[in-house]
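Everything below concerns the one structure shown next.
Every number here is computed from the coordinates shown, using simple stated rules; none is lab data. All figures in this text were calculated on a predicted structure; none of them were measured in a lab. In this analysis, Cβ positions are derived from the backbone assuming ideal geometry, glycine residues included, and neighbour counts consider all displayed protein chains.
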Amino acid sequence: MQGETTILDGIPKIDVGILGYGFAARAHIAALKRIREVYWPPPALPQCICICGRNEDNVRDAAARYEVKRWYTDWHKMLEDEEIHIFDNCGTNDVHAETCIEAAGKGLHILCEKPMARNSEEAGRMLEAVKASGVKHMCGFNYRFVPAVRLAKELIDRGVIGDIYHFYGRYAVDRAMDPEIPLRWIYLKSRAGSGALGALGSHLIDLIRFLIGEPRSVMAMAKTFIRKRKKVDSDEWGEVDVDDAVSSLMEFENGAIGNFETSRFCSGRKNNQCFEINGSKGSIVFELEKMNRLQVYLKEEKIPHTTGFHDIIVTEKDHPLFKEWWPTGHTLGWDHTFIHEMKHFLDAIVNDKPVEPWGATLVDGYRNAVICDAMLLSAKTGKTVDIHY
C-alpha cells in the first residue's frame, strides 16, 4: 500500500524575515526549523525566507548556511518583501525601534529581541506603532519558556509558597573582564542604550515582573570598571559609556522587597542567572546553569524528616512545556526555549490568541525599559526612583 502525504496542505504557512545573522538569529532560525519536530501538527509551518545584515559577505554566507532564499543589506528593501508575514528583529539595539515601527506600519507581526529598545522613549514609540496597526507582537524574553521557570510561576500563582516577601536575583557573567576586548557596539550608549543592564539584567527584570509583579520603586548603583577600550580594528582608544554592573534594591506593589544584581565582571560565571523567592509558606530557587531543576521548600511539608529544599527535576510529562518532548529525565537546553517561544507566537497569530500572559509582549518590553531607565536614573542621582508607566 502506498500514498502521498497531504496533511501539510491543511497547515498554514508563515514566512519570516529576520534582521541580523548573529547568535540570536541563529537560535531563532533553528527554532523555526524544528517546531514541526516537537509539535505535530504545528500551528503553522514557519520558514525564514530572507535575512538582512550590514555586511554583504557575512549576510550572504549566513543565507547559505541557514538555507535562506534571499538576503538583503538594506532593511527597508527587506520589509518591502511581500512574502513576509513576521518581522523577526535580531538586530543591534539601535535598529530595533525604527525597523519595528516601519514593519508594524506594513501590517507585519513583530518579534523583537530584548532589550526592546535603548530606552523607554523608543520602546514607547514601538508600542504605540503595534497598537495602532493591530498586529501580534512579542518581545524575546525566552526564559519565560524554561519549564522550571514556568513551574515556578504555576506554584506561585497557586499560592503554594504563600505571600511573597523577598526576591533575590542575579545575572552574572565574566565576558567583559578582558581589557583587550575592543570597543564593540555593546560598550557604546549610542548603539546599546545600556551595558550589562540591557544585555543581561533586562532578562532578570522580565522574570521579576513575570513571577512577582510590578515594582513600585528602585534604588540603584551602577559601575563601569574598564572605561577605555581600543576601537575595533584600530589603535585608537574610545570611551566606554555604559554600565558594566548594576545593583538595585526594589520595592513591589504587593509589599515584597527585592535585591537585583547584574554584572559582566564576575570571574568564572559564564551564564549565571539565578533567583530565590521567599514566601510565607515556602521558597523557590532557580539557576539557569541547572535549568532542568527547581528547588522548592515548603514549611508545612508532611513527609517526616524532610525539612530542607526538594530538588525537582522538571522533566515529567505533566510538567509545563515538556509533554511533547522526550521520555522522563531527558533534559532540555537553552536552545529549546526558542522552540517553545516560536510555537507560542505562531499559535497566537494563526488562532488569534493572546501572546500574554505566558509570552512577553511589547507592553512588557516597554515596561522593562521603564524600569531599566529608572535604575540608571537612580544610580546617577543617588535617589530612590518611583516606577511610572
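For beta carbons closer than 6 Å, sequence separation of 6+ or different chains, a first residue in the stretch 177-200 that is assigned to a loop (DSSP other than H, G, I, E, B) and a second that is surrounded by 15 or more Cβ atoms within 10 Å (Cβ to Cβ) and aliphatic (A, V, I, L, M), the qualifying pairs are 179/226; 194/242; 195/242.
Pull up the stretch 201-241, narrow it to residues that are assigned to a strand (DSSP E or B) and of a type in the set (D, E, K, R), then point me to the one that is farthest from residue 378 (Cα to Cα). Filtering the stretch 201-241 for residues that are assigned to a strand (DSSP E or B) and of a type in the set (D, E, K, R), the one farthest from residue 378 (Cα to Cα) comes out as 230. Count of the stretch 10-39 residues, restricted to those that are under 20 Å from residue 353 (Cα atoms), part of a loop (DSSP other than H, G, I, E, B) and in contact (Cβ under 8 Å) with a residue 40 or more places away in the chain, is 2. Elements of the type strands (runs of 3 or more DSSP E) sitting completely within the stretch 67-113 and holding at least 1 residues that are crowded, with 18+ Cβ neighbours inside 10 Å and aliphatic (A, V, I, L, M): these cover 86-89, 109-113.
Taken together, the residues in the stretch 322-358 that are closer than 15 Å to residue 148 by Cβ, surrounded by 13 or more Cβ atoms within 10 Å (Cβ to Cβ) and either among the basic types (Lys, Arg) or in contact with a strand residue (DSSP E or B) (Cβ under 9 Å, 6 or more places away or on another chain) (or both) amount to 1. Of all the numbered requirements in (1) polar (S, T, N, Q); (2) surrounded by fewer than 19 Cβ atoms within 10 Å (Cβ to Cβ); (3) not in a loop (DSSP other than H, G, I, E, B), residue 262 misses one, and that requirement is (2).
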